[in-house]
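Take a look at the structure below.
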Amino acid sequence: MTRLKVPLTPQQLRLRENQIFLALTIVIGVLAGLSAVLFTLAIGVASRAFFGLQPSWTRLLLVPPAVSLVTGFLLYRYFPGVRGSGIPQTEVAFHLDGGVIPPSVPFGKFLTGVLCIGSGHSMGREGPSVQIGAGIASVIGQWLRLSPERVKELVPVGAAAALSAAFNTPVAAVMFALEEIIGDMNATLLGSTVVASVASVIVERSILGNEPLFHVPVYHLVHPAELVAYAALGIVGGVVSLGFSRGLLWLRATFRRLPASSQVVQPAIGGLAIGVLLLFVPEVMGVGYDSVDQALNGGMLAGTMAVLLGAKLVGTTISYASGNAGGIFAPSLYIGAMVGGIVGTAVHWLAPFPTGDTGAYALVGMGALFAGIIRAPMTSVFMIFEITQDYQILVPLMVANLLAFSIARHYQPTPVYHAFLQQDDIHLPSAEAKAGIARTARDLMDADLPTVSATTTLEDAWMQLERSGARAVLVGTPDELVGVVARDELEAAREAGGQDGAIGLLVSPADVHAHPDHPIDVVLERLAESHGVLPVVSRANVRRFEGAVTADSILRVARRGSAAQ
Amino acid sequence: MPLPDINPRLVQREVVLLVALALVASVAFVFTREVAKRQHDTNLSDAAEWFAIGERQLDEGHAAAAVASLRHASSRSRDNRHYTLTLARALAANGQVEEARTVLLALREIVPDDPDVSIALARLAAARQDVTEAQRFYQNALYGIWTPGREDERLRLRVELIRLLLQHEERGRALSEVVALSTNLADTAPAHTEAGQLFLAAGDPERALDQFSRALELSPEDDDALAGAGEAAFLRGDYAGAQRYFSRASALSGRLGELSAVARLVLTQDPLAPRLTLAARRSRLEAAVSRSTARLEQCLVTRPAAASSLEPLHAELARLTTSIDNRALRDQPELVDHGVDLVYRAQRAAADACGEPRDTEDRALLLVGERHRGPA
């Protein structure tokens, strides 16, 4: 039997591409998950190699600066794009670079991240994991020569998969990708990120077992009045978030003001400070989840938590600002757990009502600080839910999150990741700009555009058209739109001597129209097909006229937007 | 009809690349799993090392250092129940009782039927004087899943619970536990003796006597069993039986010696004892009345405020003294009953006003009165 070679139709091509993309998403989920697991393991191996079982004071003091000299050189000479967390760089890759991440980025991030965190810097592994995962996804997309749109789409997919494995929280990872990387909770990439996240977490669990990151007892609201205490925790959390973010930005800006040539030794300067800090408070070394776990279990005294809080704030600020490779995701949780534990202890002493364990406050504090610093409140809620698998703590958590988030946002509108980028002279599209992209016909239309009745003479209609300067005239009433007459048609009929004729004779039905909820791309497409005046009609009754989109109305809206900015 | 074909080059390239990626993923998976396994082994070995350090520090009394070391151990080997239990012990030793409790409760979430975790929690609660929680955890431990060969340990745990309950005057609950204990006893003299002692402490001399009797069947000369049986018989009001047991014991401690003396006096001072001659009965009654009069007078001196209740009894005793003679006793046998009752009331009133009698004779007279009054 002869098989004819028939070219694929666009629909078949689209279907085929979707199938390939789905398979690719799974493979990327697996690879990104593996990279995150390997990254975590490598940090453990490096830390054990650098410090041994019981580190001497000389090791505590000298390992961080010595290793940072090496990483400083690597970061300066070979991998300048992998300093810090990696999440801002991933956002830049997604929003500004079309999803293109060079292969050196995931490799460099892995190497320098392991060295920095493994040598005791007070930083987190999740941010780097996200950058590594996104980088792997992007590199594979480029290698497969996918379309630019698809390569871009793979970035949040890889990021979500890596975070899912790093934290063992697949839902929170998806939320994070949508909330932070894409910046749109309604993103069409939801399906891909979910698939990759699930594939990743399956891989992670099959290697490391289904161990939650923290072992937390079941906590719940002991007394309704405790919500007030949790609200207080939210306020304290907001203030601490603000202080931490500002301190971090200030010290980073200070380091950046130093001569460019000093960048090679800046990580080592930070390393020396960390070495001194470790001599007194070794608990702030690296990610520090052991201490967080202890606080979450109510196993820490308020005084100890206060010391660890101060040390972590100082340590992370120095490690990050001096240009080492590591994130602030884990430090945010650490700081939050300590703040929560301290507030919980105070509430326990002072409250006239029964209160929960300090571990419950540590847990809520962890979420509140995450919402305040990282500015991903939904991720925070889902993350805590996935960690505890107990929804009774969600109400206090949401109260505290909301307050911490609101306070932090009010006093520092720019999120810390975006502020880092602004220090590097990179401006990501703001939320307002993204909202502008999502404008609908309702936002763009002119609701006051006059209509003429079908019995109006051509001459009167022409006069009105001249006054408005529009390219077409709308015929009918607001409740009964009859149709549209283009300026050319009207002019031709008028020149043919029909000035006294009714315009109703010329009118053609408004087949090309938009509805108020149509997005701007649909509106523009249909405006191009129209006579220059696109009627916007109700979905419930297509004859009901709600306004019209014209080039002028779009420009007016655009001008209003730029004036507001 | 020929099927529409798709571009074979495109298919080949996509499939080949995806297969290549899947292969890379598989190799990466195997590699990562191997690294994870090695890291896990290192963690376990580090944990064992930290545990050894922590245990040594705990034994040397450095509880704070032990806590830190044991935390390292249990965070590296979270599944190791023994590490966590020792950590809890170190925390408790370091005065961090609440933290120890939290650690144990978290462990109990994972292994709810593990008796060792419940035992540790019970002991923490007992140290905090929280008897209710302690009893709950002791019960959880007792009804947990015990590995074979630990039966004796389980019995000792129940004894520990009983002693705690007795210490906190929870005699009812203690008695229930002793009953449960007695059903699983080893059939040895020491085991029955201990059970008897616990029954005695819980206020059940009947069952106590059963246990002591069994112990004496197994070991007739067991001094502890003899003393216990004597006490149990005494508490049941069987003073003759008590005397028999006490007399067989080679040595009696101070309290038991007193009990023995009181039992002997009860038997030798009772005017209503059977088979007495009239003279002997009269003599005993006169001695009892005389002793009780002296007791009242002594009490009136120390507690004059009690005169209103004691003086009428004193006067009544004086009247009785004058009316006792052989003839009266022969003509009115009920006079002895009246005398014994009056003596009891006088002793009781003195005890209420001036405290329980210390003198063995007074104690014996009270018991004689109680013996013939029957249950209140």
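Brief remarks follow.
- Cα pair distances exceeding 21 angstrom across the stretch A:292-412, given as percent: 37 percent
- Cα shape, the stretch B:224-332, gyration tensor, a/c 1.5 rule: oblate
- Partner shielding of B:17-26 amounts to 5, given as the average count of beta-carbon atoms from other chains within 10 Å of each residue beta-carbon.
- Toward the positive end of the charge dipole of the stretch A:416-565, with +1 on the Cβ of Lys and Arg and -1 on the Cβ of Asp and Glu, the farthest Cα among A:Ala441, A:Leu458, A:Gly532 is that of A:Ala441.
- For the protein assembly as shown, lysine pairs separated by 8 or more sequence positions, or belonging to different chains, with Cα-Cα distances below 29 Å total 4.
- Mean Cα-pair separation over length for chain A, i.e. relative contact order, pairs under 8 Å, 6 or more apart, %: 15 percent
- Only Lys, Arg (+1) and Asp, Glu (-1) charged, at Cβ; chain A dipole about Cα centre in debye: 1960 debye
- What the Cα atoms of the stretch B:278-373 give is an Rg and a Dmax of 12.9, 39 Å.
- Shape of the protein assembly as shown, Cα gyration tensor, a/c cut at 1.5: prolate
- Ranked by the mean number of other Cβ atoms within 10 Å of their residues, highest first, the peptides A:535-543, A:240-248, B:225-233, B:304-312 fall in the order B:225-233, A:240-248, A:535-543, B:304-312.
- The mean sequence distance of close C-alpha pairs (under 8 Å, at least 6 residues apart), as a share of the length of the stretch A:14-208, puts its relative contact order at 30 percent.
- Label-point separation, A:Val218 to B:Asp341 (7 Å along Cα→Cβ), nm: 6.5 nm
- Computed from label points 7 Å out along Cα-Cβ, the spacing between A:Asp517 and B:Ser247 is 10.6 nm.
- Taking amide H positions as modeled 1.01 Å from N, with prolines and chain starts lacking one, the residues under 5 Å from A:Thr477 and 5 or more places away or on another chain are A:Val482.
- Ranked A:Lys109, B:Lys37, criterion: other C-beta atoms within 10 Å, fewest first: B:Lys37, A:Lys109
- Shape index of the stretch A:294-341: Rg/Rh, with Rg the Cα radius of gyration and Rh the Kirkwood radius from the inverse mean 1/r over Cα pairs, equals 1.02.
- Compactness of the stretch A:14-208 as Cα Rg over 2.2 N^0.38 Å, two decimals: 1.04
- Here r is the Cβ-Cβ distance between B:Ile145 and B:Arg78 and R0 is 22 Å; the resulting FRET efficiency, rounded to 0.05, is 0.60.
- Rounded to the nearest 20 debye, dipole of the stretch A:14-208 from Cβ charges on Lys, Arg, Asp, Glu: 540 debye
- Under Karplus coefficients 6.51, -1.76 and 1.60, residue-wise ³J(HN,Hα) of the stretch B:50-65 in Hz, glycine/proline x: 5, 5, 4, 4, x, 5, 5, 4, 5, 5, 7, x, 8, 5, 4, 5
- Per-residue HN-Hα couplings for the stretch A:309-323 [Karplus 6.51, -1.76, 1.60; θ = phi - 60°; Hz; x = Gly/Pro]: 4, x, 5, 5, 4, 5, x, 5, 4, 5, 4, 6, 5, 7, x
- Average beta-carbon neighbours from other chains, 10 Å sphere, peptide A:26-33: 4
- Net charge over other residues, Cβ less than 11 angstrom from the Cβ of A:Gln294 (K, R count +1; D, E count -1): -3
- Efficiency of FRET from Cβ geometry, B:Ala305 and B:Arg348, R₀ 22 Å, rounded to 0.05: 0.80
- Unit Cα scatterers, Debye sum, the stretch A:226-427: log10 I(q)/I(0) for q = 0.13, 0.15, 0.19 Å⁻¹: -0.67, -0.87, -1.27
- When each of A:Met383, A:Met338, A:Met378 is scored by the number of other beta-carbon atoms lying within 10 Å, the sequence from fewest to most is A:Met378, A:Met383, A:Met338.
- Long-range HN-HN contacts of A:Gly124 with modeled amide H, under 5 Å: A:Gly327, A:Ile328, A:Phe329, A:Ala330
- Taking amide H atoms as placed 1.01 Å from N in the peptide plane, the amide H of A:Gly547 lies under 5 Å from those of A:Val536, each 5 or more residues away in sequence or on another chain.
- The stretch A:138-192 shape via C-alpha gyration tensor axes, a/c threshold 1.5: oblate
- Pairs of alpha carbons in the stretch A:332-473 whose separation is greater than 18 Å (percent): 70 percent
- DSSP beta bridge pairing in the protein assembly as shown, given as percent antiparallel to the nearest 5: 75 percent
- Between the listed residues A:Gln266, A:Val292, A:Leu402, the Cα displaced farthest toward the positive end of the dipole of the stretch A:226-427, a dipole computed from Cβ unit charges relative to the Cα centre, is found at A:Gln266.
- Across the stretch A:391-406, computed HN-Hα scalar couplings (Karplus, 6.51 cos²θ - 1.76 cosθ + 1.60, θ = phi - 60°) run 8, 5, 8, 5, 5, x, 4, 5, 4, 5, 4, 4, 5, 4, 4, 5 Hz from first to last residue, x flagging Gly and Pro.
- Its Cα centre serving as origin, the stretch B:249-376 has a Cβ charge dipole (Lys and Arg +1, Asp and Glu -1) of approximately 300 debye.
- Put in line by how crowded their Cβ is, counting other Cβ atoms within 10 Å and starting with the fewest, A:His215, A:His513, A:His410 read A:His410, A:His215, A:His513.
- Compared with the direct C-alpha span, the chain from A:Ala492 to A:Arg544 gains 15.9 nm at full extension, assuming 0.36 nm per residue.
- Two-site FRET efficiency, B:Asn43 against A:Phe353, from Cβ-Cβ distance with R₀ of 35 Å, rounded to 0.05: 0.25
- Here the stretch A:441-564 is treated as a Stokes sphere of Kirkwood radius computed over C-alpha pairs; at 37 °C and 0.692 mPa s its diffusion coefficient rounds to 226 µm²/s.
FYI, it's all coordinate maths here, none of it is from the lab. This one's a predicted model, so the numbers in the text were calculated from it and none came from an experiment. Quick reminder, even Gly has a Cβ in these numbers, built from the backbone with ideal geometry, and neighbours come from all protein chains shown.
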